[in-house]
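Encoded as C-alpha cells, the structure appears first; notes follow it.
The values are calculated or read from the model by the stated rules, or taken from the named source; none is laboratory data. Fair warning: this is a prediction, and the values are worked out from it, not measured in the lab. Here the Cβ positions follow ideal geometry from the backbone for every residue, glycine too, while neighbour counts run over all protein chains shown. With ligands, DNA and RNA removed, areas are computed over all heavy atoms of the protein, side chains included. Shrake-Rupley method; radii C 1.70, N 1.55, O 1.52, S 1.80 Å.
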Amino acid sequence: MTAIPLSASLATSLQAMADFIGIVTGEQLHRPQNGKWTIAQELSHIYLADYGTSRLLSEAGRATWRPEARESRSFEAIKAGYLEQLARFPGANNPNTNPKPELENLSPAQWMERWQSMTTQLLAHVEAIPETDLDAYTVWKHPLLGPFTVREMIYFTDYHTQHHADILSRKAM
C-alpha cells in the first residue's frame, strides 16, 4: 500500500469524526455516560491522540524516528491486536491522551475548528512521507501494541479514529 491509499483511508476516518462533530449539540457534550467518558471527554482523547500522530509524522517529529528492520503489520493485524488488548485490559489508557479540561469545555463549533485544522495538518504530513520511509522507521511505542512503524502508526490512527467515531455516535443517541 502506498501513502496515497493510506491517506485516503485515514481521511475517511477523520471525516467520520468531523461528521459526528457537525451534529453533536452542546447539551450532548456533557451528558453523563453511565460512568464512562462524556462525549466531550472522548473528543478530547481522540483529538489529543490524532494531534500527537500529526506531530510524530511531521518534519520536526522525524527527529524521534528510529531505523526499523522488521516488516510492518497489516491494518487488520493492528486492529485485531488493539481489540484483543482492549478486551484483556479494559481500563488501559495512555495518560498523554487522557481528556483535558481545557478541551472538554469547547463548543461544537470550536471542536469543528480544531478538528479540521488538525486533520489538514495530519493528512499533509502523511502525504509528505515517502513510500520508502513507511516501513523503515519506528515512530512510537504503543502502550498495548508495542513499537509502531510509520505505516502502523497511520493504520492505528485510522482505526482508532473510526473506533471512537463509532463509540461517539452510540453515545449521542
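Just to confirm my filter: which helices (runs of 4 or more DSSP H) fall fully inside the stretch 65-158 and include at least 1 residues that are touching a Ser or Thr at 6+ places or on another chain (Cβ under 7 Å) and open to solvent by 20 Å² or more (accessible area, probe 1.4 Å)? So that I can check it myself, show each step before the final result.
Details: elements: 75-88, 101-104, 108-127.
Ranges flagged: 101-104, 108-127.
Any residue at all in the stretch 37-57 that's open to solvent by less than 30 Å² (accessible area, probe 1.4 Å), at pLDDT below 95 and under 15 Å from the mean Cα position of the chain (by Cα)? Lay out the reasoning, then the answer.
Narrowing the stretch 37-57 to residues open to solvent by less than 30 Å² (accessible area, probe 1.4 Å): 38-40, 42-47, 49-50, 52-54, 57.
Right, trim to at pLDDT below 95 and you get none.
Checked the stretch 37-57: no residue is open to solvent by less than 30 Å² (accessible area, probe 1.4 Å), at pLDDT below 95 and under 15 Å from the mean Cα position of the chain (by Cα).
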